[in-house]
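Novice: This is the structure, below, for whatever I ask next.
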Amino acid sequence: MVIDLHCDTFLRLMEGKDNPGLYENNLNIDIKKLTKAKSLAQFFAMWINIKENNPLETCLKMIDKFYMELDKNQDHIALATNYEDIMRNKDKGKISAILTIEDGGAVKGEIHNLRNFYRLGVRGITLTWNNVNEIGFPNIKEEYRNKGLTEFGREVVHEMNSLGMLIDVSHLSDAGFYDVARLSKKPFIASHSNSRAIKDHFRNLTDDMIKVLSDKGGVIGISFERDFLGDSENAKIEDMVRHIKHIKNVGGIGVIAIGSDYDGCNPNCEVDNIGEIDKLREALKANKFTEDEIDKIFYQNALRVIKDVL
């Protein structure tokens, strides 16, 4: 089984007329591929570029598309808002779909919008994407790295804790990461980031961040984006394994999860789609990871955080 903490599939479904829908398409993720992967749960991000769109309106349109696709494919996939839903869906032979937002700018600086997103089924928010928003700063520019959460951002952390929503620090500034670690009373996640010690990229976490995340009971989702993995033009499985080995040595096996970034990352990945995820499982076996360790990475660690937070 596998739980994938991040994909941008609904962005592609919104923009592509050639993609017939979620059941079967030419993307990295569809229901047929998820079934082949024995997917327990897939996190679907509603990605927002706040510079190009009305973020709230765009997000609501995407959420509508999400629910339309779930309705069309209700024999195969169903919404999950907590651990119990996932277990119930599993018993019915259904994949769980977990609704998230990528860029907290979608709430437009209004805490009531956050609560309304919760009521619509959203259970995780990536606090920033690559733009400054009302919550905080992205790590994309050096000048942002030491800028933490805003006053509103601190309010968002407290409210997400209270509601039972996953706080996602991928893309967030380094200082913002430490603000979340200090303020959050519940585990948080970096849904699609890797190790900065292995690949020096601003989107990856430092060893100290990995230790802090582990101490808080959170997880880091290994991303298949080539620029976060290594220096090859392809996203290589051997680089994924290198990151996993290093993160295990730094933060322990309990901090590692999967966060592919499928349909949002560059093509030419050796694990071409979610249906080929067993290629990574076999590579981990070849590198002396036990079945128990691999299960922790593939779904158990993420499931624990879901149970703790949602």
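Novice: Listed here are the pairs K245/K307; K32/K185; K65/K108; which of them are more than 31 Å apart at the Cα?
Specialist: Distance filter (> 31 Å) returns K32/K185.
Novice: At q = 0.14, 0.16 Å⁻¹, what log₁₀ I(q)/I(0) does a Debye calculation on the Cα points of segment 16-121 give, no solvent, two decimals?
Specialist: For segment 16-121, the Cα-only Debye profile gives -0.59, -0.76.
Novice: Separate question: Segment 208-290: which GluC sites (Glu not before Pro) are DSSP loop and have at most 10 other beta-carbon atoms within 10 angstrom?
Specialist: Sites meeting the loop and neighbour criteria: E233.
Novice: Something else now. Amide H of G259 versus every other amide H placed in the peptide plane: which residues, excluding those fewer than 5 positions away on the same chain, fall under 5 Å?
Specialist: When sequence neighbours closer than 5 places are left aside, the close amide H contacts are L5, I222, S223.
Novice: Another one. Take the alpha carbon gyration tensor of segment 189-300, find the square roots of its eigenvalues, order them as a ≥ b ≥ c, and report rounded if a/c is under 1.5; if not, report prolate when a/b exceeds b/c, else oblate.
Specialist: oblate
Novice: Using semi-axes √(5λ) of the Cα gyration tensor in Å as the read-out, say which of (i) 46, 23, 13; (ii) 25, 24, 19; (iii) 32, 22, 21 was calculated from these coordinates.
Specialist: Correct label, based on the coordinates given: (ii).
Novice: Need the full-extension length gain, F202 to E238, defined as separation in residues times 0.36 nm minus the C-alpha distance. One decimal, nm.
Specialist: Additional length available on full extension: 10.9 nm.
Novice: Give me a comma-separated list of calculated 3J(HN,Hα) values for segment 251-268, in order, Karplus coefficients 6.51, -1.76, 1.60 applied at θ = phi - 60°, integers in Hz, x for any Gly or Pro.
Specialist: Per-residue couplings from phi come out as x, x, 5, x, 9, 9, 9, 10, x, 3, 6, 4, 6, x, 9, 4, x, 6 Hz.
Novice: Could you order peptides 169-175, 131-137 by the average number of other Cβ atoms within 10 Å of their residues, highest first?
Specialist: 169-175, 131-137
Novice: Could you check how many percent of all C-alpha pairs in segment 181-248 are farther apart than 15 Å?
Specialist: Counting pairs separated by more than 15 Å, the tail of P(r) holds 47 percent.
Novice: Just how many % of Cα pairs in segment 90-171 lie over 17 Å apart, if you round to the nearest whole percent?
Specialist: When all Cα pairs of segment 90-171 are counted, 45 percent exceed 17 Å.
Novice: Same structure, new question: Is the shape of segment 213-266 best called rounded, prolate or oblate, per the rule: a/c under 1.5 gives rounded, else a/b larger than b/c gives prolate, else oblate, with a ≥ b ≥ c the square roots of the Cα gyration tensor eigenvalues?
Specialist: Note, shape of segment 213-266 comes out oblate.
Novice: Please give the calculated 222 nm ellipticity per residue for the chain, where each DSSP H segment of at least 4 residues contributes -39500 (n - 2.57) and the sum is spread over every residue; nearest 500 deg cm²/dmol?
Specialist: The per-residue figure over the chain is -11500 deg cm²/dmol.
Novice: What relative contact order, as a whole-number percentage, does the chain give when Cα pairs under 8 Å and 6 or more residues apart are counted?
Specialist: 19
Novice: Follow-up. Mind checking the per residue accessible area of the chain for me, 1.4 Å probe, whole number of Å²?
Specialist: For the chain, the solvent-accessible area averages 40 Å² per residue.
Novice: Could you work out what % of the accessible surface of segment 227-310 is carbon and sulfur, using a 1.4 angstrom probe and leaving DNA, RNA and ligands out of the count?
Specialist: Result for segment 227-310: 42 percent of the exposed heavy-atom area is carbon or sulfur.
The values are calculated or read from the model by the stated rules, or taken from the named source; none is laboratory data. Source: prediction; values computed, not measured. Every residue, glycine as well, gets a Cβ built from its backbone with ideal geometry; the counts of neighbours run over all protein chains shown. Ligands, DNA and RNA are excluded from the accessible area calculation, which covers all protein heavy atoms including side chains. Shrake-Rupley method; radii C 1.70, N 1.55, O 1.52, S 1.80 Å.
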